[in-house]
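Asks: What follows is a single structure, and I will ask about it in a moment.
The values are calculated or read from the model by the stated rules, or taken from the named source; none is laboratory data. Computed from a prediction, not measured in an experiment: that's the story for all the values here. Here Cβ is always computed from backbone atoms with ideal geometry, including for glycine, and neighbour counts include all displayed protein chains. SASA here: full protein model, heavy atoms, side chains in, ligands and nucleic acids out. Shrake-Rupley method; radii C 1.70, N 1.55, O 1.52, S 1.80 Å.
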Amino acid sequence: MKVDRLLKNINQLLTCDHGTGPARGEQMHTLPLIEGGAIAFKDGVIVFIGKSEDTTHIDAIEIIDCKGKIVSPGLVDPHTHLVHGGSREHEIALKLQGVPYLDILAQGGGILSTVEKTKEATEEDLIEKSINVLNTMLTYGVTTVEAKSGYGLEEETELKQLRVVKKVNEFHPITVVSTFLGAHALPPTYKGKEDLFLEEMLQLLPIIKKEELAQFVDIFCEEGVFSVEQSRDFLLKAKEMGFQLKIHADEIVSLGGTELAVEVGCTSADHLVGASSMGIEMLGKGETIPVLLPGTTFYLNKESYANAREMINQGAAVALATDYNPGSNPTENIQLIMTMALLKLKMTPEEIWNGVTINAAHSINNGDVAGMLRIGRMADIVVWDAPNYAYVPYRYGKNHVDAVYKNGVLVVKDGVLQ
Ligand code: IZC
Ligand code: ZN
């Protein structure tokens, strides 16, 4: 068999292939892998996965010795606020004085401060900034990212953000999946007129559909932002218009957004720090994937983290994400999030790897193209300078990525972007 590249002598080749669907509950304890593995691809497509000793029939243009290394699918970061203007380091002093995130927002800061900066930024500014962030993500081993709008809260800027996502997806190696988050905050001029504002955001959906600007619609269901009732109405209308759903649920105050997510059929429910036991039970039985963001809890300086253990016990398919955004988690480092999942969510290394690969892929409806290695799929592959998979979340604070292939093309070599 003639191939372009053959990676062999891999200490552990993590396929993350659980058959169909995400890894749920008990299944999350298992991480499908091949010790002494090999993987080969041709024209960007995986053509062989197996043991190194079974590769004698393979004639490769390039053979890469991965002794002492592990190989995984390209990681998936399923919750980011990629496109925005400015940054919010000026709010750190308030934060250290103990002013809560939602109070900063209520005072016109937080998300609303980023809205101002995003309005000021040109499309070119936003493209350049997003590309820089995506480049960093790629060097950390991420090959698929979800990106939300939500820093416009009016037509022009929301569409500007979504068009930026569409453009960067076209020419950056990372696949970017787009979400419309027009319902991210209430502009101060709409105070008391939440329903009118949400109606106006819904009116953008036909344009978004026509220009293929987003696959998902999301809402920030939170005290002082949008209620469970408003979120239900908004999401159901978006669903009727053919969008898949996401929700920022129970991030800071427990409102019942987790239950709502399962009720209306959200593909994912994100944050869930304050999810009720009823909500967690529903996640265990339903299809909605909990996307947990421990980096955000850390950066908000909170003590109490999402109850990943109970979600897994109840049978849910937990996924992990950075929540990369300028306020509550300004980092693109998914490997740091893996360590936080280990220490703060008490997830095992197996659960963590499933959480950043196959489950994350399903949480953005990309389970059939991302998050696992299988013959016939595109070669989105990360080579890690780590002797085993547990080493990556354990040995924290450094980047373990050696190489990244996207569709079979070497895009990161020796840890450096090509
Ligand atoms: O800019 O603060 N939680 N939205 C909801 C965010 C965090 C992003 C931000
Ligand atoms: Zn978010």
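Asks: Counting other Cβ atoms within 10 Å of each Cβ, which trypsin sites (Lys or Arg not before Pro) in the stretch 339-389 have at most 16 and sit in a DSSP loop? Walk me through the intermediate numbers first.
Replies: On the way: sites: Lys344, Lys346, Arg374, Arg377; in loops: Lys344, Lys346, Arg374, Arg377.
Of the trypsin sites (Lys or Arg not before Pro), the ones in loops of the stretch 339-389 whose Cβ has at most 16 other Cβ atoms within 10 Å are Lys346, Arg374.
Asks: Simple spin-label model, 7 Å along Cα-to-Cβ: Lys191 to Lys209 in nm?
Replies: Here the modelled spin labels are 3.6 nm apart.
Asks: I'd like the distance separating the alpha-carbon centroids of the stretch 83-123 and the stretch 228-252, in whole Å.
Replies: About 24 Å separates the Cα centre of the stretch 83-123 from the one of the stretch 228-252.
Asks: Could you compute the FRET efficiency for Leu343 and Thr136, with r as their C-beta to C-beta distance and R0 at 30 Å, rounded to 0.05? Don't skip to the answer; put the middle values down first.
Replies: Working: r = 23 Å, r/R0 = 0.77.
Once the sixth-power term is evaluated, E becomes 0.85.
Asks: How large is the Kirkwood hydrodynamic radius of the chain, counting all unique pairs of alpha carbons, in Å? Write out the running numbers ahead of the final one.
Replies: Values: mean 1/r = 0.0467 Å⁻¹.
Roughly 21.4 Å, rounded to one decimal.
Asks: Give the peptides 202-212, 246-256, 396-406 in descending order of average Cβ contacts within 10 Å, highest first. Mind showing how you got there, number by number?
Replies: Details: 202-212: 14.5, 246-256: 24.6, 396-406: 19.4.
Final packing ranking: 246-256, 396-406, 202-212.
Asks: Multiplying the sequence separation of Ala106 and Glu170 by 0.36 nm and subtracting their Cα-Cα distance, what value in nm do you get? It would help to have the intermediate numbers written out before the result.
Replies: On the way: separation 64, 0.36 × 64 = 23.04 nm, distance 3.67 nm.
Length gained, Ala106 through Glu170: 19.4 nm.
Asks: Now, a different point. How much of the pair distance distribution for the stretch 304-390 lies past 21 Å, counting alpha-carbon pairs only, in percent? Don't skip to the end; give the middle numbers.
Replies: Numbers: 1318 of 3741 pairs.
Pairs farther apart than 21 Å: 35 percent.
Asks: Determine, for each peptide in 310-322, 84-96, 168-180, the mean count of other beta carbons within 10 angstrom over its residues, then list the peptides with the highest first. The partial results should precede the final answer.
Replies: Numbers: 310-322: 25.1, 84-96: 15.2, 168-180: 20.1.
Ranked by mean Cβ neighbours within 10 Å, highest first: 310-322, 168-180, 84-96.
Asks: Using a 1.4 angstrom probe, figure out how much accessible area the chain has per residue, in square angstrom, rounded to the nearest whole.
Replies: On the way: 16010 Å² over 418 residues.
Each residue of the chain exposes 38 Å² on average to a 1.4 Å probe.
Asks: For the chain, what % of the accessible area comes from carbon and sulfur atoms, probe 1.4 Å?
Replies: Values: 8140 of 16010 Å².
With neighbouring chains kept in place, the figure for the chain is 51 percent.
Asks: Starting from the Cα-Cα distance between Glu199 and Lys51, subtract it from 0.36 nm times their residue separation and give me the gain in nm to one decimal.
Replies: On the way: separation 148, 0.36 × 148 = 53.28 nm, distance 5.61 nm.
Once the chain is fully extended between Glu199 and Lys51, it gains 47.7 nm.
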